[in-house]
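To keep things clear, I will list the structure first and then write my remarks on it.
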Amino acid sequence: MAIDATETQIRSVEMTKLISHTTKMPLEEFSDVEPFLTLQHAAKELGVHVWALRRAVKAGTIPAYAPFNGRKLVRLSEVVAAINASKIGG
């Protein structure tokens, strides 16, 4: 399944604007920050099963972060990179 980079980038910009508005911090401070997504949200964005992402995180194929409450978070670019690295053939 091909990932539409433009759509992902647009959603990332929207998320950054929302965070900037919520925290009342200037948008420029978030320009280089990629948002974290829950495994469920990342799976929905990519059109894969959430259990497949959980299994890949548990195996160490996809890096995950649990900064505050233990809920695993991922960066969409890292998930896409792992998927592309495991591509077989053409």
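Laboratory data are not the source of any read-out in this text; all were calculated from the coordinates shown. It should be emphasised that the depicted structure is a prediction, and the values quoted were computed from it without experimental measurement. FYI the Cβ positions are ideal-geometry reconstructions off the backbone, even for glycines, and counts take in every protein chain you see.
Assorted remarks:
- Here each label is just a point 7 Å from Cα along the line to Cβ, and for Ala82 and Arg54 those points are 1.4 nm apart.
- Among 64-72, 36-44, the order from most to least packed when residues are scored by Cβ within 10 Å on average: 36-44, 64-72
- Net charge in the neighbourhood of Gly70 (other residues with Cβ under 15 Å of its Cβ; Lys, Arg +1, Asp, Glu -1) is +4.
- A simple packing score, the average count of other Cβ atoms within 10 Å per residue, orders the peptides 82-89, 53-60 as 53-60, 82-89, with the highest score first.
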